[in-house]
Structures are given as C-alpha cells and as structure tokens.
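One structure below.
The values are calculated or read from the model by the stated rules, or taken from the named source; none is laboratory data. Every value quoted in this text rests on a predicted model; they were computed, and no experiment measured them. We place every Cβ from the backbone using ideal geometry, glycine too, and count neighbours over all the protein chains shown. SASA here: full protein model, heavy atoms, side chains in, ligands and nucleic acids out. Shrake-Rupley method; radii C 1.70, N 1.55, O 1.52, S 1.80 Å.
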Amino acid sequence: MTKKLKIVVLAKQVPDTRNVGKNAMKEDGTVNRAALPAIFNPEDMNALEQALRLKDRHPGSVVLLLTMGPARAAEIIREGYYRGADGGVLLTDRKFAGADTLATSYALAMALKKMHPDIIIAGRQAIDGDTAQVGPQVAEKLNLPQVTYAEEIVGFEKNKLVVKRRLERGVESVRTPLPAVITVHATAPECRPRNAKQLMRFKHARTLTEEQDNEHNSYLPVISPESLRIPEWGVADVGGEESHYGLSGSPTKVKKIENIVFQAKESKRLTSSFEEIDMLMTELISSHTIG
Amino acid sequence: MDNIIIYIETEGGKISDVSLELLTKGRTLAGELSCKLEALIIGSSVEQHTQELFNYGAETIYLAQDKRLEHYLTLPYSAITIDLFKKERPQIALFGATSVGRDLAPRVSSALVSGLTADCTSLEIGNHKEAKSGKEYQNLLYQIRPAFGGNIIATIINPDCRPQMATVREGVMKKEPLATPVKGVVKVIETKEIIKTEDFVVEIIERHIEERKIDIKGSPIIIAGGFGVGSKENFNLLYELASVLGAEVGASRAAVDAGFAEGARQIGQTGITVRPKLYIAAGISGQIQHTAGMDQSAMIISINSDPNAPIHQIADYAIIGDMNEIIPRMIKSYKLNSK
Ligand SMILES: Cc1cc2nc3c(=O)[nH]c(=O)nc-3n(C[C@H](O)[C@H](O)[C@H](O)COP(=O)(O)OP(=O)(O)OC[C@H]3O[C@@H](n4cnc5c(N)ncnc54)[C@H](O)[C@@H]3O)c2cc1C
Ligand SMILES: Cc1cc2nc3c(=O)[nH]c(=O)nc-3n(C[C@H](O)[C@H](O)[C@H](O)COP(=O)(O)OP(=O)(O)OC[C@H]3O[C@@H](n4cnc5c(N)ncnc54)[C@H](O)[C@@H]3O)c2cc1C
C-alpha cells in the first residue's frame, strides 16, 4: 500500500541531565545546570526514527519537526534535516515562557491545527521536566486518540496503524485510526546517524531571527536562501486565547526548588556491619540520591 | 464535593500496590483536610475488590463495571474519570505513576484544564502566599517530585484549579490496612450513559509478557557486579537491590565472561560508558579497563572484601566486606528507612 503521510515529530531541546559527571558539579556539590549541554531530547530522537521509517516505507511522505523553545532551539530543526526530515517549525514567543505541560500542549496543539498531520509522534518524556504529560495532553486538546509508550510503529492493517507498546510487565499491540498521537519509548530503535549530504545542504538553514543576528554579529555573514528559511511562529501566527499560553495558562506553580547535594568527595571507609550500612543508606535517602 | 479521589488500578485480578499506598496516604491527607477519602475503580469485574478498598479506608467507592473495560483503554477510561470529576469536584485526585496512570492522568487534567504534577515522591498539606498579589492560600497539596534527571527536588502547587492532580511513584509510600475497615458505600457508575462506541476506536490486538530490554545507559543508578560476585545465582542479589532502588544492573567483563551476566550489561573500555548519579560496584577489583567506563559517575560506592582493591581508591564510600552479606543489609535498611 502506498499511502502518503504527513508526519509531525514533536521534539524538545533539553539540557543533558542524564550523565551529570563530576565536571558539571559546583563546589557545593549541586549540579551546575548552565554547564549542561543543550541536546535533542533522547526519546524524541527515537520518535524521529519511527517517523523516518514510516517515510521509507511510504515514499512521498513528509516528516516535519515542531519544537517550542527559544531562538537557539532552531538547532532541533537543523538536526532533523541532517537525519532525513523535510523541515520544521520553531514555535517561539515570549508569551510562551513559563509554560507548564498544559500551556505547552496548548501551544503545540494550536500549531498542529495549522499543520494538519496524519500522525503526530512525540517522545514519551523529556529529560528535564520529566513529566511524560505533553503527548497525552496534546492528544486531548486535538480530540485525537493516543498511543503512549510505543516501541515500534509496525505498519498499516485494515487502514489503521498497528503500534507495539512497551509496558512495565510486557508488550501490547494496538490498532489505532488516524490521525493519532503516538509517544515513543526509549526502548525503540536509536535514530539513524546524520547524513553527510543532508548536513552539507542544510547546515545554513536559519530562522529569520538567526539571520538577522548573523548580519550584525558575524564577520563572515552567510545569507541562506529563502528555501532554507526555518519558519518561526508566535501567538499571532497560531491564534488561540492569550490567557492559555505561558505562565497565565499554567495551573501548576513551582513553589520551591531544592538542589540535590552530592556529598563525600574524599573516600569514606565502612565495615560491613548493619549499623554502618544503615547509616550510609539513611544518608543516601535523605540526600535524595536514592528513593 | 471537595473530597480526595484515588484512582484504583488493577493488574492480573489484583489491586496494584501503588493504589493501596495511595489510599494509605490519602487517609492521612483526608484527616488533615477533614474531608472524605474516596476511590474510583474501573474494569470488567471489579466488584470483588470493594472489601479490600474498605480495608484501606475508602469511604465511597465509585465502581464502573462493563465487560468492554477488561483492559485499560485511554478513551473510555478517561471519559469515565472526567465525567466523575466534573460531577464530584474532588479537591485532590491521585494516580499511580505507572504506564496506566501516566497515560490517563494527563488526558484527564487536560480535559478539566487542571494542573497535574508528575511522578511525586512525597505529598504534604501546607499554606502558600503568592509573592506578587499577596494572596494567601490555605491547605494546598504540596506535590514534591524529583526532576531534571533527579538532580533537583521541586515542590509544585496548584493554587487555583481543582482537582489538584498528581501521579505518585510506586513503592515510595507505606501501604497499611486499617485495623477495622470503614463501613463505606459503593456507588455504581452507569457506564453506558458515559462511554460512546467511538471511545473504542483503538483496539488491543495482543498482550503478552515479555522481558524488558536492558537500558543501562539511561539509568540514574547502576548496581554493577564483578567476578567476585561468584555465580549467576548470586547476581540475583544485585537484581533484587536494583529493583528496590529502581536501578539497572551492570557487570565487569570478567563477570560477563564467566556467564554471570549478559554482554549487554558490560561496562568499561570494551563495553559501555556510563555516568550515573550513583554507581555501586560489588565484587569488582577496579582495573582501569573497567573504571574507564564509570569513573565519571557522580557518586561511587565500592563493595569489596579486599581492602587494597583499587576500586576503593576511586569510591566515595568504600565498604570492606563480603557482598553476599552487604547487599541484603542494604536492601533491609532501604526498606526500613524509605517509607
Ligand atoms: C523542575 C520542574 C518540574 C516541573 N514539574 C512539572 C509538573 O509536575 N507538571 C507540569 O505540568 N509541568 C511541570 N514542569 C514544566 C514542564 O517541564 C514544562 O511545561 C515543559 O515545557 C514540558 O514538560 P516536560 O519537559 O515534562 O515534557 P514531557 O511531557 O516529558 O515531554 C513529552 C514529549 O512531548 C514533546 N514536547 C515536550 N515539550 C516540548 C516542546 N517544548 N517542544 C516540542 N515538543 C515538546 C516531546 O516530544 C517530549 O518528548 C516542570 C518544570 C520544571 C523545571
Ligand atoms: C583490551 C582489554 C579490554 C577490556 N575491557 C574491559 C571492559 O570493557 N570492562 C571490564 O570490566 N573489563 C575489561 N577488561 C578486563 C579487565 O582488565 C579486568 O580483567 C576485569 O575488569 C576484571 O573484572 P573483575 O573486577 O570483575 O574481576 P577480578 O579482577 O577477578 O576481581 C574480583 C574482585 O572481587 C573481590 N571479591 C571476591 N569475592 C568477593 C566477595 N564475596 N565480596 C566482595 N568482593 C569480593 C575480589 O577481592 C576482587 O577484587 C579488559 C581487558 C583488556 C585487556
């Protein structure tokens, strides 16, 4: 069956919180968040691969990325190009700032309404906010079915999409009509590497903001052709209620943030007695290293 | 109105532990707030569970029973939950942070335009004063959760929207039945009036138990075993500790070569490189080819009977002794202290 699909992958730029080594640590033993590199959220890479595999099987399909974030998140769209996507949109506006998952999903849903995808593929969870809520909330806002924890998009059967899900104690295969929102789990195959040709072709893809920045700052301005322009959308482009965006559209508030302190720089020696082990475990629990 | 509703999950004909943990916690919260503790249970034959829910303190049980609801399906389950929350207007609604809870709760919160806090490890009642407006709030639910890959602990509140919704991680709260069960009531939900045929557009075509794939790189805690663990059977101790801590099991090459663990678990120069928050090395001598793959871990605990083993040099905590004694003590201590 040759079905041409329009697939939108939701991808977020995140600080790399997974592998916080000793060099991303401050003197006081807390994590220096600013020292963490900004990366393509890992499970969104798995999501992109699933989209590209669908495109491989359905020639003529289009894979687009949608990311919400500051100007530098345009990097997400370029990374998508390098790996075989056909383009993308950067959703960026001061009015989106301070969004919790509800306000984030509202903004993404408003943009998706303009894009008319057949399939929306997200990562299961972002490694900074760590909530796994945005996928299902986007689905609800668009009144679409959702299939979470996907490990593999298997293919079409009776005009519906078969998806294999990875759950705590096993796997489940489901059949969903389209359009639908699918969230992809880390156990799905890794994303293919960058393609050298795509890299050469798309490394000058820019948003208008980056272009203007470039004209002012760079001694060697590279003007990218119109075809390499990454579109930027704000509230004015996607419409909707202003009060649903950003901080004002966010019912949850962060009351307090406590940094985890990683103690004990010099090595402490312990015997195997229950008392000493118990003291160590209590310390690990109270410093939130475990539990 | 203004009560606490716990979403009750069942698995293989049993109520999930996390739901009973939430009921236990819910009793304390309901006591502090002077409101009722209620439960919502959905399934194809869930009547059998009502007594157990009374044992855990549910004063009202909302029961949605329908043969089409044998397995969890997002759309009909969320339709029932949304309908109930609209009618009953709970002040707090809690779900397990399981694959079901984390599929259902966000959908419900979006439909009700009410905030949701993910994967909490602690819940408390407290007050809040809004810095800007000076507005004061009494008796809010403090939803306490790790975020940022476990590097920070955030306290989240939901001042203006109801219900205050949260998913809570399994195993972090105590589960305790009452000495005398409450005499509660069962309220049957008429599912036919709520769910529509369109809610069944997604069909389950197959379910089966399958071993999870190994994902060591993504794990914030790694328990690694070496040749000193001694046997494949002894490795089970490491799996046991890993399961209570929510960790993954890694191995040295000598342990992999001896057949104690799968090759996919090997850490080091010819294995994978990891940088978790906590690395526990048991029965590993600490040769450079091994430490090259783990010495950037934020915290290292070594367990080795040889006081001169090189692994102790790079550890933050070096435990000198037999891992066969030490690991069970760690498990015991964790269980005693974590609740
Ligand atoms: C410490 C801390 C705790 C927080 N706790 C909560 C909380 O409990 N509840 C809450 O509602 N909010 C919370 N937030 C806010 C939340 O992190 C943001 O709303 C964030 O924009 C989206 O949530 P997430 O990172 O958890 O994404 P997830 O829901 O984990 O993301 C799932 C998927 O959605 C897609 N996606 C998510 N964000 C974007 C984006 N910007 N652009 C494109 N695709 C995207 C990706 O495919 C991603 O893999 C918290 C933030 C912080 C810093
Ligand atoms: C090219 C090359 C590449 C290699 N790549 C890797 C690699 O990727 N990863 C890797 O791990 N190795 C690698 N090695 C092998 C490495 O050199 C070591 O041989 C290996 O790491 C040793 O494993 P071990 O520490 O488990 O075993 P051993 O060195 O035999 O140490 C066992 C330890 O257990 C302790 N012990 C015994 N009984 C107990 C007990 N009951 N309780 C507590 N402690 C106990 C002993 O005191 C001892 O220190 C490589 C080697 C080469 C040459």
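Residue-by-condition table, conditions (1) surrounded by 22 or more Cβ atoms within 10 Å (Cβ to Cβ); (2) within 13 Å of ligand 2 (Cβ to nearest atom):
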site	(1), (2)
B:Lys232	no, no
B:Ala247	yes, no
B:Ala251	yes, yes
B:Asp257	no, yes
B:Phe260	yes, yes
B:Gly263	no, yes
B:Gly271	yes, yes
B:Pro276	yes, no
B:Met294	yes, yes
Odd one out for B:Ala298 among (1) surrounded by fewer than 23 Cβ atoms within 10 Å (Cβ to Cβ); (2) more than 14 Å from ligand 2 (Cβ to nearest atom): (1)
Selected residue [open to solvent by 10 Å² or more (accessible area, probe 1.4 Å), over 28 Å from B:Tyr334 (Cβ atoms) and either more than 14 Å from ligand 1 (Cβ to nearest atom) or not assigned by TED's automatic domain parsing to the domain that holds B:Leu22 (or both)] from B:Lys135, B:Lys175: B:Lys135
Residue in region A:27-42 that is small (Gly, Ala, Ser), touching a strand residue (DSSP E or B) at 6+ places or on another chain (Cβ under 6 Å) and within 14 Å of chain B (Cβ to nearest Cβ) present: yes
Complete set of residues in region A:41-60 that are open to solvent by less than 20 Å² (accessible area, probe 1.4 Å) and within 10 Å of ligand 1 (Cβ to nearest atom): A:Asn41, A:Glu43, A:Asp44, A:Asn46, A:Ala47, A:Leu48
Count - residues of region B:83-126 that are in contact with an Asp or Glu (Cβ under 7 Å, 6 or more places away or on another chain), more than 16 Å from ligand 1 (Cβ to nearest atom), within 11 Å of chain A (Cβ to nearest Cβ) and in a strand (DSSP E or B): 0
Which listed residue, of B:Asp103, B:Asp119, is within 17 Å of B:Tyr7 (Cα to Cα), more than 16 Å from ligand 2 (Cβ to nearest atom), under 23 Å from the mean Cα position of the chain (by Cα) and open to solvent by 10 Å² or more (accessible area, probe 1.4 Å): B:Asp119
Hey, B:Asp316 open to solvent by less than 50 Å² (accessible area, probe 1.4 Å) and more than 8 Å from ligand 2 (Cβ to nearest atom) or not: yes
B:Tyr77 vs. criteria open to solvent by 30 Å² or more (accessible area, probe 1.4 Å) and among the hydroxyl-bearing types (Ser, Thr, Tyr): no
In region A:256-277, residue farthest from the other protein chains (Cβ to nearest Cβ) [restricted to those that are in contact with an Asp or Glu (Cβ under 6 Å, 6 or more places away or on another chain) and modelled with pLDDT of 85 or more]: A:Leu270
Those residues of region A:5-23 which are at pLDDT 95 or above and assigned to a loop (DSSP other than H, G, I, E, B), in sequence order: A:Leu5, A:Ala11, A:Lys12
Boolean, A:Val89 is within 13 Å of chain B (Cβ to nearest Cβ) and hydrophobic (A, V, I, L, M, F, W, C): no
Members of region A:152-201 that are hydrophobic (A, V, I, L, M, F, W, C), in contact with a helix residue (DSSP H, G or I) (Cβ under 6 Å, 6 or more places away or on another chain) and in a loop (DSSP other than H, G, I, E, B): A:Ala186, A:Ala188, A:Cys191
Exclusive hit being modelled with pLDDT of 85 or more, loosely packed, with under 15 Cβ neighbours inside 10 Å and within 14 Å of another protein chain (Cβ to nearest Cβ), set A:Leu280, A:Leu247, A:Leu284: A:Leu247
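Which of the residues that make up region B:173-212 are within 30 Å of B:Ala261 (Cα to Cα) and in contact with a Lys or Arg (Cβ under 8 Å, 6 or more places away or on another chain)?
B:Ile209, B:Arg212
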Extreme residue, farthest from ligand 1 (Cβ to nearest atom), among residues of region B:271-293 that are among the hydroxyl-bearing types (Ser, Thr, Tyr) and away from every other protein chain (no Cβ under 12 Å): B:Ser285
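Quick one: which residue in B:Pro328, B:Pro220, B:Pro310 is surrounded by 16 or more Cβ atoms within 10 Å (Cβ to Cβ), more than 7 Å from ligand 2 (Cβ to nearest atom) and under 21 Å from A:Glu283 (Cβ atoms)? Please lay out each step first, then the result.
Working: B:Pro328 fails: surrounded by 16 or more Cβ atoms within 10 Å (Cβ to Cβ); B:Pro310 fails: under 21 Å from A:Glu283 (Cβ atoms).
Within the list B:Pro328, B:Pro220, B:Pro310, the selection yields B:Pro220.
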Of residues in region A:161-210 being away from chain B (no Cβ under 14 Å) and within 29 Å of A:Lys141 (Cα to Cα), the one least open to solvent (accessible area, probe 1.4 Å): A:Thr207
Criterion: surrounded by fewer than 24 Cβ atoms within 10 Å (Cβ to Cβ) and either out of contact with any strand residue (DSSP E or B) (no Cβ under 9 Å at 6 or more places or on another chain) or at positive phi (or both) - qualifying residue of B:Ser305, B:Ser333: B:Ser333
Complete set of residues in region B:154-167 that are farther than 16 Å from A:Ser248 by Cα and open to solvent by less than 10 Å² (accessible area, probe 1.4 Å): B:Ala154, B:Pro163, B:Gln164, B:Met165, B:Ala166, B:Thr167
Residue selected from region B:238-270 under the condition within 14 Å of chain A (Cβ to nearest Cβ) and touching a helix residue (DSSP H, G or I) at 6+ places or on another chain (Cβ under 8 Å), by the criterion farthest from B:Ile327 (Cα to Cα): B:Ile267
Evaluation of B:Ile319 against (1) out of contact with any Leu (no Cβ under 6 Å at 6 or more places or on another chain); (2) at the interface with another protein chain (Cβ under 9 Å from one of its Cβ atoms); (3) modelled with pLDDT of 95 or more (one fails), failing number: (1)
